[in-house]
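Written below as structure tokens is the structure these notes are about.
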Amino acid sequence: MTVPLLDRIFQIAYVTNDVARAEALFRERFGTGAFSRMDPPGGFMRISLAFAQQTMIELIEPVGDAVELYANWIAGRQDFVVRHHHFGMLVDSKAELSAIRAAHVEGGTAIAMEGEMPGALDYLYVDTTQSLGHYLEYIRLEEGGRAMFAGVEGSTFQAT
């Protein structure tokens with residue numbers, strides 16, 4: 001089974017070593033809307049979301065090396081850096097997420113990370129760095145995730 005590339009893409013994500021500076025770059029140079037911070041508990045990363053037209057821009061600043069998936073992306077850089085990390089694609093159900101996972105694994109593509117934020121979303125990162133130069137992230141939203149994304153200025157998501 002093949003998995004359609006960029007089917008239902010809604011997000012382009014970047015990893016940076018200075019989220020505030022990256023926000024300014026995207027606002028001033030690329031005309032995104034205002035950024036909203038969505039930092040997860042634990043202080044291991046800073047996340048900022050904005051919209052460029054209908055596409056969500058996600059900026060991720062790892063704090064330390066707690067999440068290697070992000071920290072390794074910019075490791076060794078002392079100067080300001082912003083690097084494309086993944087495309088985010090929406091899926092409708094847990095069954096669809098499982099089928100996508102199985103298709104990637106059967107095709108020989110490694111799963112880099114997967115998990116859930118109860119009441120908000122399930123996610124799956126597929127390691128396509130060798131073939132595409134970036135990761136693919138698949139996300140299934142629940143009510144809390146839709147509400148979180150709906151709160152970002154310029155969002156087309158509807159909280160239910």
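A few remarks follow.
- Failed item, numbered, when Ile57 is tested on (1) in a loop (DSSP other than H, G, I, E, B); (2) surrounded by 13 or more Cβ atoms within 10 Å (Cβ to Cβ); (3) of a type outside the set (Gly, Ala, Ser): (1)
- Here Val152, Val126, Val105 are screened, and the one residue that is β-branched (Val, Ile, Thr) and farther than 20 Å from Ile57 by Cα is Val105.
- Boolean, Phe10 is surrounded by 17 or more Cβ atoms within 10 Å (Cβ to Cβ), under 17 Å from Ile139 (Cβ atoms) and among the hydrophobic types (A, V, I, L, M, F, W, C): yes
- Lone qualifier among Glu153, Glu116, Glu96, Glu106 - being of a type in the set (D, E, K, R) and under 28 Å from Arg21 (Cα atoms): Glu153
- Condition met for Ala24 (open to solvent by 20 Å² or more (accessible area, probe 1.4 Å), in a loop (DSSP other than H, G, I, E, B) and out of contact with any helix residue (DSSP H, G or I) (no Cβ under 6 Å at 6 or more places or on another chain)): no
The values are calculated or read from the model by the stated rules, or taken from the named source; none is laboratory data. Just so we're clear, the structure is a prediction, and the values are computed from it rather than from any experiment. Using ideal geometry, Cβ is built from the backbone for each residue, glycine included, and neighbour counts are taken over all protein chains shown. Heavy atoms of the whole protein, side chains included, go into the accessibility calculation; ligands, DNA and RNA do not. Shrake-Rupley method; radii C 1.70, N 1.55, O 1.52, S 1.80 Å.
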